[in-house]
1. Does any residue of the range 127-141 turn out to be in a loop (DSSP other than H, G, I, E, B) and among the polar types (S, T, N, Q)?
2. Name the pairs whose Cβ atoms lie under 6 Å apart, with the first residue in the range 163-192 and under 18 Å from residue 52 (Cβ atoms) and at pLDDT 85 or above, the second among the acidic types (Asp, Glu) and surrounded by 15 or more Cβ atoms within 10 Å (Cβ to Cβ), and 6 or more positions between them or separate chains?
3. Can you name every residue in the range 273-294 that is modelled with pLDDT of 60 or more, touching a Ser or Thr at 6+ places or on another chain (Cβ under 8 Å) and open to solvent by 70 Å² or more (accessible area, probe 1.4 Å)?
4. Among 59, 15, which is open to solvent by less than 60 Å² (accessible area, probe 1.4 Å), in contact with a strand residue (DSSP E or B) (Cβ under 8 Å, 6 or more places away or on another chain), of a type in the set (Gly, Ala, Ser) and assigned to a helix (DSSP H, G or I)?
5. Test residue 92 against the stated conditions and say whether it is of a type in the set (A, V, I, L, M, F, W, C), touching a strand residue (DSSP E or B) at 6+ places or on another chain (Cβ under 7 Å) and open to solvent by less than 70 Å² (accessible area, probe 1.4 Å).
6. Consider residue 168 carefully, then state whether it is closer than 27 Å to residue 253 by Cα, in a loop (DSSP other than H, G, I, E, B) and open to solvent by 40 Å² or more (accessible area, probe 1.4 Å).
7. Being among the basic types (Lys, Arg) and under 25 Å from residue 306 (Cα atoms) is the filter here, so list the residues in the range 190-242 that pass it.
8. So which residues in the range 108-130 are over 16 Å from residue 25 (Cβ atoms) and buried (at least 22 other Cβ atoms within 10 Å of the Cβ), if there are any at all?
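The values are calculated or read from the model by the stated rules, or taken from the named source; none is laboratory data. Since this is a predicted model, take the numbers as computed values, not measurements. Methodologically, a virtual Cβ is constructed for each residue, glycine included, from the backbone with ideal geometry; neighbour enumeration extends over all protein chains shown. Calculation scope for accessible area: heavy atoms of the full protein, side chains included, ligands and nucleic acids excluded. Shrake-Rupley method; radii C 1.70, N 1.55, O 1.52, S 1.80 Å.
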Amino acid sequence: MSGPPEAGWLNLLIGLLQGAQLWLLRVLDVLGLAGQSHGQAAWPWALRLSGENLLIDLGQARRLGLTLVVLAVALLILLLALLWRRRRVWLAAAAVLLAALAPWPEANVVLVPAYPTTFHASPTGFTAESIERGRTLYAAQCAACHGADGRGHGPLASAQAVWPPDLGGPLLWRRADGDVLWHVMNGMRDRRGTPTMPGFGSTLSDADAWALIDFMKAQGAGESLRAAGLWAQPIAPPDVMVQCGNKPPRSLSSWRGQRLRIVASSLGAGASTPADDPRLVTVLIAPQATEAAASQSGDCIATSPAAWTAFSLVGATTQLAGTQFIVDRDGWLRARGEPGKAAWSDDDLLCRTEQQPSSKPGVRPLPPDGLGALIARMDAEPVRFVKGGYVH
(Lines give C-alpha, C1' and ligand atoms only; values in the text may rest on other atoms or scores of the structure.)
Protein backbone atom coordinates (compact mmCIF):
# COMPACT_ATOMS: atom_id res chain seq x y z
CA MET A 1 0.00 0.00 0.00
CA SER A 2 2.73 2.42 0.87
CA GLY A 3 5.77 2.68 -1.30
CA PRO A 4 9.54 2.75 -0.95
CA PRO A 5 11.45 6.03 -0.66
CA GLU A 6 11.49 6.13 -4.47
CA ALA A 7 7.68 6.08 -4.57
CA GLY A 8 7.35 9.73 -5.62
CA TRP A 9 9.23 9.60 -8.90
CA LEU A 10 8.27 5.98 -9.52
CA ASN A 11 4.57 6.76 -9.18
CA LEU A 12 5.03 9.68 -11.56
CA LEU A 13 6.88 7.54 -14.10
CA ILE A 14 4.33 4.71 -14.02
CA GLY A 15 1.47 7.20 -14.14
CA LEU A 16 2.97 8.83 -17.23
CA LEU A 17 3.33 5.45 -18.95
CA GLN A 18 -0.24 4.49 -18.12
CA GLY A 19 -1.62 7.87 -19.15
CA ALA A 20 0.30 7.84 -22.43
CA GLN A 21 -1.03 4.40 -23.35
CA LEU A 22 -4.61 5.31 -22.44
CA TRP A 23 -4.47 8.52 -24.46
CA LEU A 24 -2.95 6.66 -27.41
CA LEU A 25 -5.81 4.17 -27.29
CA ARG A 26 -8.38 6.99 -27.12
CA VAL A 27 -6.83 8.74 -30.12
CA LEU A 28 -6.79 5.50 -32.12
CA ASP A 29 -10.42 4.91 -31.17
CA VAL A 30 -11.46 8.42 -32.27
CA LEU A 31 -9.63 7.93 -35.57
CA GLY A 32 -11.32 4.58 -36.10
CA LEU A 33 -8.01 2.73 -35.95
CA ALA A 34 -8.83 0.65 -32.86
CA GLY A 35 -11.35 -2.13 -33.10
CA GLN A 36 -13.86 -3.11 -30.46
CA SER A 37 -13.57 -5.93 -27.95
CA HIS A 38 -16.23 -6.68 -25.35
CA GLY A 39 -17.83 -3.29 -25.81
CA GLN A 40 -14.74 -1.09 -25.47
CA ALA A 41 -11.83 0.07 -27.62
CA ALA A 42 -9.37 -2.78 -28.19
CA TRP A 43 -5.63 -2.46 -27.61
CA PRO A 44 -4.22 -3.25 -31.06
CA TRP A 45 -0.80 -4.59 -30.11
CA ALA A 46 0.45 -7.78 -28.46
CA LEU A 47 2.69 -5.85 -26.07
CA ARG A 48 2.31 -2.96 -23.65
CA LEU A 49 4.54 -0.98 -21.31
CA SER A 50 4.77 -2.73 -17.95
CA GLY A 51 4.15 -0.84 -14.75
CA GLU A 52 4.20 -3.92 -12.52
CA ASN A 53 7.73 -4.93 -13.55
CA LEU A 54 9.03 -1.43 -12.89
CA LEU A 55 7.62 -1.60 -9.37
CA ILE A 56 9.74 -4.70 -8.80
CA ASP A 57 12.91 -3.78 -10.72
CA LEU A 58 13.89 -0.29 -9.58
CA GLY A 59 17.12 -0.46 -11.57
CA GLN A 60 15.26 -0.82 -14.84
CA ALA A 61 12.78 1.84 -13.72
CA ARG A 62 15.64 4.29 -13.17
CA ARG A 63 17.09 3.47 -16.59
CA LEU A 64 13.74 4.05 -18.24
CA GLY A 65 13.28 7.33 -16.37
CA LEU A 66 16.72 8.56 -17.43
CA THR A 67 16.06 7.45 -21.01
CA LEU A 68 12.86 9.46 -21.13
CA VAL A 69 14.71 12.52 -19.82
CA VAL A 70 17.44 12.07 -22.44
CA LEU A 71 14.84 11.65 -25.18
CA ALA A 72 13.07 14.80 -24.03
CA VAL A 73 16.37 16.71 -24.28
CA ALA A 74 17.00 15.21 -27.73
CA LEU A 75 13.55 16.34 -28.84
CA LEU A 76 14.24 19.88 -27.65
CA ILE A 77 17.50 19.86 -29.61
CA LEU A 78 15.64 18.74 -32.72
CA LEU A 79 13.14 21.58 -32.28
CA LEU A 80 16.04 23.98 -31.91
CA ALA A 81 17.56 22.56 -35.11
CA LEU A 82 14.40 23.48 -37.00
CA LEU A 83 14.82 27.09 -35.91
CA TRP A 84 18.63 27.37 -36.25
CA ARG A 85 19.45 26.58 -39.84
CA ARG A 86 23.18 27.21 -39.61
CA ARG A 87 23.62 24.56 -36.92
CA ARG A 88 20.89 22.23 -38.07
CA VAL A 89 23.10 19.33 -39.08
CA TRP A 90 25.20 19.46 -35.92
CA LEU A 91 22.15 19.74 -33.68
CA ALA A 92 20.39 16.89 -35.43
CA ALA A 93 23.50 14.74 -35.07
CA ALA A 94 23.70 15.61 -31.36
CA ALA A 95 20.06 14.59 -30.88
CA VAL A 96 20.63 11.24 -32.60
CA LEU A 97 23.78 10.64 -30.52
CA LEU A 98 21.93 11.39 -27.30
CA ALA A 99 19.18 8.91 -28.22
CA ALA A 100 21.78 6.27 -29.04
CA LEU A 101 23.66 6.78 -25.77
CA ALA A 102 20.53 6.76 -23.60
CA PRO A 103 20.53 4.01 -20.94
CA TRP A 104 17.75 2.01 -22.55
CA PRO A 105 16.16 -0.53 -20.18
CA GLU A 106 15.82 -4.21 -21.06
CA ALA A 107 12.92 -4.71 -23.44
CA ASN A 108 11.73 -7.90 -21.74
CA VAL A 109 11.25 -5.94 -18.51
CA VAL A 110 9.53 -2.88 -19.93
CA LEU A 111 7.36 -4.69 -22.49
CA VAL A 112 4.94 -7.46 -21.48
CA PRO A 113 2.16 -9.33 -23.29
CA ALA A 114 -1.10 -7.47 -23.74
CA TYR A 115 -4.62 -8.40 -24.78
CA PRO A 116 -7.30 -6.49 -26.65
CA THR A 117 -9.07 -5.92 -23.30
CA THR A 118 -5.98 -4.96 -21.29
CA PHE A 119 -7.03 -1.33 -20.85
CA HIS A 120 -10.73 -2.02 -20.38
CA ALA A 121 -12.37 -0.45 -17.32
CA SER A 122 -15.11 -2.18 -15.38
CA PRO A 123 -18.49 -0.53 -15.98
CA THR A 124 -20.09 -1.95 -12.83
CA GLY A 125 -18.89 0.54 -10.21
CA PHE A 126 -18.20 -2.35 -7.79
CA THR A 127 -21.79 -2.31 -6.55
CA ALA A 128 -23.35 -4.65 -4.02
CA GLU A 129 -25.78 -5.80 -6.72
CA SER A 130 -22.91 -6.67 -9.08
CA ILE A 131 -21.11 -8.56 -6.31
CA GLU A 132 -24.28 -10.52 -5.55
CA ARG A 133 -24.74 -11.35 -9.21
CA GLY A 134 -21.12 -12.46 -9.36
CA ARG A 135 -21.58 -14.64 -6.28
CA THR A 136 -24.24 -16.70 -8.04
CA LEU A 137 -22.13 -16.99 -11.19
CA TYR A 138 -19.03 -17.96 -9.21
CA ALA A 139 -20.89 -20.78 -7.44
CA ALA A 140 -22.09 -22.13 -10.79
CA GLN A 141 -18.97 -21.68 -12.92
CA CYS A 142 -15.88 -21.40 -10.74
CA ALA A 143 -16.28 -22.95 -7.29
CA ALA A 144 -15.74 -26.51 -8.50
CA CYS A 145 -12.11 -25.70 -9.33
CA HIS A 146 -11.27 -22.57 -7.33
CA GLY A 147 -13.18 -23.62 -4.21
CA ALA A 148 -16.01 -21.89 -2.38
CA ASP A 149 -13.48 -19.57 -0.69
CA GLY A 150 -11.43 -18.94 -3.84
CA ARG A 151 -8.28 -20.53 -2.47
CA GLY A 152 -8.01 -23.11 -5.24
CA HIS A 153 -9.10 -26.25 -3.40
CA GLY A 154 -12.34 -27.09 -5.17
CA PRO A 155 -13.39 -30.70 -5.70
CA LEU A 156 -12.13 -30.64 -9.32
CA ALA A 157 -8.88 -28.79 -8.59
CA SER A 158 -6.65 -31.87 -8.62
CA ALA A 159 -7.94 -32.89 -12.06
CA GLN A 160 -6.75 -29.67 -13.70
CA ALA A 161 -3.57 -29.41 -15.78
CA VAL A 162 -2.37 -26.67 -13.41
CA TRP A 163 -3.60 -26.28 -9.85
CA PRO A 164 -5.99 -23.28 -9.66
CA PRO A 165 -4.43 -20.16 -8.13
CA ASP A 166 -5.39 -18.65 -4.79
CA LEU A 167 -7.78 -15.81 -5.60
CA GLY A 168 -7.44 -14.56 -2.02
CA GLY A 169 -3.76 -13.73 -2.65
CA PRO A 170 -2.23 -10.91 -4.66
CA LEU A 171 -3.10 -12.39 -8.07
CA LEU A 172 -6.11 -10.19 -8.80
CA TRP A 173 -4.22 -7.06 -7.76
CA ARG A 174 -1.17 -7.74 -9.90
CA ARG A 175 -3.24 -7.95 -13.06
CA ALA A 176 -5.23 -5.23 -14.75
CA ASP A 177 -8.99 -5.75 -14.70
CA GLY A 178 -8.95 -6.00 -18.49
CA ASP A 179 -6.43 -8.85 -18.38
CA VAL A 180 -8.61 -10.71 -15.87
CA LEU A 181 -11.62 -10.18 -18.14
CA TRP A 182 -9.70 -11.64 -21.09
CA HIS A 183 -8.73 -14.75 -19.14
CA VAL A 184 -12.27 -15.27 -17.84
CA MET A 185 -13.73 -15.06 -21.34
CA ASN A 186 -10.95 -16.77 -23.31
CA GLY A 187 -9.25 -19.07 -20.80
CA MET A 188 -5.56 -19.51 -20.10
CA ARG A 189 -2.71 -21.53 -21.58
CA ASP A 190 0.77 -22.41 -20.39
CA ARG A 191 3.97 -21.61 -22.31
CA ARG A 192 3.54 -24.70 -24.46
CA GLY A 193 0.01 -23.66 -25.44
CA THR A 194 -1.69 -26.30 -23.34
CA PRO A 195 -5.04 -25.06 -21.90
CA THR A 196 -4.88 -24.57 -18.14
CA MET A 197 -8.28 -22.91 -17.68
CA PRO A 198 -11.31 -22.97 -19.97
CA GLY A 199 -12.81 -19.77 -21.34
CA PHE A 200 -16.39 -18.83 -20.54
CA GLY A 201 -17.07 -16.49 -23.45
CA SER A 202 -19.80 -18.76 -24.76
CA THR A 203 -21.44 -18.99 -21.33
CA LEU A 204 -21.10 -15.52 -19.79
CA SER A 205 -22.11 -12.14 -21.13
CA ASP A 206 -19.74 -9.19 -20.70
CA ALA A 207 -21.89 -7.96 -17.80
CA ASP A 208 -21.69 -11.42 -16.20
CA ALA A 209 -17.91 -11.47 -16.48
CA TRP A 210 -17.51 -8.04 -14.87
CA ALA A 211 -19.87 -9.05 -12.07
CA LEU A 212 -17.85 -12.21 -11.53
CA ILE A 213 -14.66 -10.12 -11.26
CA ASP A 214 -16.36 -7.85 -8.69
CA PHE A 215 -17.27 -10.87 -6.59
CA MET A 216 -13.74 -12.26 -6.78
CA LYS A 217 -12.35 -8.91 -5.60
CA ALA A 218 -14.76 -8.76 -2.66
CA GLN A 219 -14.15 -12.39 -1.73
CA GLY A 220 -10.38 -11.94 -2.07
CA ALA A 221 -10.46 -8.94 0.27
CA GLY A 222 -12.41 -10.92 2.85
CA GLU A 223 -10.14 -13.94 2.61
CA SER A 224 -7.08 -11.70 2.98
CA LEU A 225 -8.61 -10.22 6.12
CA ARG A 226 -9.46 -13.66 7.47
CA ALA A 227 -5.99 -15.09 6.79
CA ALA A 228 -3.67 -12.17 7.55
CA GLY A 229 -5.73 -9.96 9.84
CA LEU A 230 -5.75 -7.03 7.40
CA TRP A 231 -6.83 -5.95 3.96
CA ALA A 232 -3.56 -6.56 2.16
CA GLN A 233 -4.68 -4.29 -0.69
CA PRO A 234 -6.94 -1.25 -0.43
CA ILE A 235 -10.55 -2.16 -1.17
CA ALA A 236 -13.45 0.21 -1.73
CA PRO A 237 -16.73 -0.39 0.10
CA PRO A 238 -19.34 -2.04 -2.11
CA ASP A 239 -21.32 0.77 -3.67
CA VAL A 240 -25.01 1.01 -2.76
CA MET A 241 -27.81 3.52 -3.06
CA VAL A 242 -28.43 5.44 0.15
CA GLN A 243 -31.64 7.13 1.27
CA CYS A 244 -31.28 9.98 3.78
CA GLY A 245 -34.74 10.86 5.06
CA ASN A 246 -36.81 12.51 2.35
CA LYS A 247 -33.79 13.63 0.30
CA PRO A 248 -33.17 12.17 -3.17
CA PRO A 249 -31.24 8.88 -3.01
CA ARG A 250 -27.53 9.00 -3.72
CA SER A 251 -24.79 6.44 -4.13
CA LEU A 252 -22.33 5.66 -1.36
CA SER A 253 -19.46 6.52 -3.71
CA SER A 254 -20.82 10.07 -4.13
CA TRP A 255 -19.40 10.88 -0.70
CA ARG A 256 -15.84 10.48 -2.01
CA GLY A 257 -13.78 13.22 -0.34
CA GLN A 258 -15.57 12.76 2.99
CA ARG A 259 -15.02 10.17 5.70
CA LEU A 260 -17.75 7.57 6.13
CA ARG A 261 -18.84 5.37 9.00
CA ILE A 262 -20.87 2.38 7.82
CA VAL A 263 -22.84 0.68 10.58
CA ALA A 264 -24.53 -2.71 10.27
CA SER A 265 -27.83 -2.42 12.16
CA SER A 266 -30.89 -4.62 12.38
CA LEU A 267 -33.15 -1.53 12.48
CA GLY A 268 -35.40 -3.54 14.80
CA ALA A 269 -36.69 -2.69 18.23
CA GLY A 270 -33.86 -2.14 20.65
CA ALA A 271 -31.29 -1.68 17.92
CA SER A 272 -28.78 1.02 18.79
CA THR A 273 -26.74 3.12 16.40
CA PRO A 274 -23.80 5.43 17.12
CA ALA A 275 -24.54 9.08 17.71
CA ASP A 276 -23.97 11.44 14.80
CA ASP A 277 -20.39 12.65 14.52
CA PRO A 278 -19.54 15.77 12.47
CA ARG A 279 -16.25 14.19 11.39
CA LEU A 280 -17.98 11.41 9.49
CA VAL A 281 -21.07 10.69 7.43
CA THR A 282 -22.87 7.77 9.08
CA VAL A 283 -24.66 5.29 6.82
CA LEU A 284 -26.64 2.32 8.10
CA ILE A 285 -26.95 -1.01 6.34
CA ALA A 286 -29.60 -3.52 7.34
CA PRO A 287 -30.69 -6.99 6.23
CA GLN A 288 -34.01 -5.73 4.84
CA ALA A 289 -33.71 -1.96 4.56
CA THR A 290 -36.31 -0.08 2.53
CA GLU A 291 -36.75 3.48 1.35
CA ALA A 292 -39.80 3.76 3.61
CA ALA A 293 -37.71 2.87 6.66
CA ALA A 294 -35.14 5.48 5.69
CA SER A 295 -37.76 8.17 5.21
CA GLN A 296 -39.37 7.42 8.56
CA SER A 297 -36.16 7.26 10.57
CA GLY A 298 -34.41 10.24 9.01
CA ASP A 299 -31.14 8.29 9.01
CA CYS A 300 -29.00 7.57 5.95
CA ILE A 301 -29.79 3.96 5.12
CA ALA A 302 -28.46 1.78 2.30
CA THR A 303 -31.56 0.43 0.60
CA SER A 304 -29.96 -2.30 -1.51
CA PRO A 305 -30.97 -5.82 -0.41
CA ALA A 306 -27.51 -6.99 -1.47
CA ALA A 307 -25.62 -4.58 0.82
CA TRP A 308 -25.66 -6.87 3.86
CA THR A 309 -24.20 -9.83 1.98
CA ALA A 310 -21.57 -7.72 0.21
CA PHE A 311 -20.27 -6.11 3.40
CA SER A 312 -20.28 -9.50 5.16
CA LEU A 313 -18.08 -10.80 2.36
CA VAL A 314 -15.58 -7.92 2.42
CA GLY A 315 -15.61 -7.80 6.22
CA ALA A 316 -14.97 -11.55 6.52
CA THR A 317 -17.77 -12.15 8.99
CA THR A 318 -21.02 -14.09 9.17
CA GLN A 319 -22.14 -11.99 12.16
CA LEU A 320 -22.33 -8.55 10.60
CA ALA A 321 -24.85 -6.95 12.95
CA GLY A 322 -23.11 -4.35 15.12
CA THR A 323 -20.01 -4.17 12.92
CA GLN A 324 -18.74 -0.73 11.92
CA PHE A 325 -16.50 0.25 8.99
CA ILE A 326 -14.55 3.48 8.54
CA VAL A 327 -13.89 4.73 5.00
CA ASP A 328 -11.23 7.40 4.41
CA ARG A 329 -11.52 10.47 2.21
CA ASP A 330 -10.03 8.61 -0.74
CA GLY A 331 -12.80 6.03 -0.63
CA TRP A 332 -10.89 3.08 0.86
CA LEU A 333 -12.05 0.85 3.69
CA ARG A 334 -9.54 1.44 6.46
CA ALA A 335 -10.95 0.20 9.79
CA ARG A 336 -13.44 -2.31 11.15
CA GLY A 337 -14.98 -2.17 14.60
CA GLU A 338 -16.26 -5.52 15.81
CA PRO A 339 -19.68 -5.90 17.47
CA GLY A 340 -19.80 -5.19 21.18
CA LYS A 341 -16.42 -3.48 21.32
CA ALA A 342 -16.44 -0.59 23.76
CA ALA A 343 -13.92 1.66 22.05
CA TRP A 344 -11.77 1.88 18.94
CA SER A 345 -8.21 0.60 19.16
CA ASP A 346 -5.17 0.70 16.91
CA ASP A 347 -5.80 -2.93 16.00
CA ASP A 348 -9.01 -1.86 14.25
CA LEU A 349 -6.96 -0.16 11.50
CA LEU A 350 -6.91 -3.02 8.99
CA CYS A 351 -5.66 -1.21 5.89
CA ARG A 352 -2.39 0.45 6.81
CA THR A 353 0.76 1.72 5.20
CA GLU A 354 3.23 -0.71 6.74
CA GLN A 355 1.14 -3.73 5.63
CA GLN A 356 1.33 -5.33 9.04
CA PRO A 357 -1.40 -5.73 11.63
CA SER A 358 -0.50 -4.21 14.96
CA SER A 359 -1.32 -7.38 16.89
CA LYS A 360 0.91 -7.44 19.93
CA PRO A 361 0.33 -8.81 23.43
CA GLY A 362 -2.82 -7.05 24.52
CA VAL A 363 -4.76 -4.45 22.57
CA ARG A 364 -3.19 -1.03 22.25
CA PRO A 365 -5.97 1.38 23.15
CA LEU A 366 -6.15 4.74 21.47
CA PRO A 367 -6.51 7.97 23.48
CA PRO A 368 -9.88 8.72 25.12
CA ASP A 369 -11.22 9.92 21.79
CA GLY A 370 -10.23 6.69 20.07
CA LEU A 371 -12.18 7.42 16.91
CA GLY A 372 -10.52 10.82 16.60
CA ALA A 373 -7.07 9.27 16.95
CA LEU A 374 -7.96 6.63 14.35
CA ILE A 375 -9.14 9.33 11.94
CA ALA A 376 -5.97 11.35 12.52
CA ARG A 377 -3.82 8.33 11.74
CA MET A 378 -5.76 7.53 8.56
CA ASP A 379 -5.34 11.12 7.38
CA ALA A 380 -1.62 11.14 8.23
CA GLU A 381 -0.95 7.73 6.64
CA PRO A 382 -2.89 7.50 3.37
CA VAL A 383 -2.66 4.29 1.38
CA ARG A 384 -2.15 3.97 -2.35
CA PHE A 385 -3.83 1.44 -4.55
CA VAL A 386 -1.70 -0.43 -7.08
CA LYS A 387 -3.71 -2.40 -9.63
CA GLY A 388 -2.01 -4.12 -12.52
CA GLY A 389 1.19 -2.27 -11.68
CA TYR A 390 -0.38 1.18 -11.87
CA VAL A 391 -1.03 3.52 -8.97
CA HIS A 392 -4.63 4.71 -8.81
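1. Here is the first cut: in the range 127-141, the residues in a loop (DSSP other than H, G, I, E, B) are none.
No: zero hits.
2. none
3. Initial filter on the range 273-294 (modelled with pLDDT of 60 or more): 273-289.
Filter once more, so that each one left must be touching a Ser or Thr at 6+ places or on another chain (Cβ under 8 Å): 273-274, 276, 282, 284-287, 289.
276, the sole residue that qualifies.
4. Only one candidate qualifies: 15.
5. Values: of a type in the set (A, V, I, L, M, F, W, C): yes; touching a strand residue (DSSP E or B) at 6+ places or on another chain (Cβ under 7 Å): no; open to solvent by less than 70 Å² (accessible area, probe 1.4 Å): yes.
No.
6. No.
7. As a first pass, look at the range 190-242 and keep what is among the basic types (Lys, Arg): 191-192, 217, 226.
Across the range 190-242, the qualifying residues are 217, 226.
8. Scanning the range 108-130 gives 110, 127, 128, 130.
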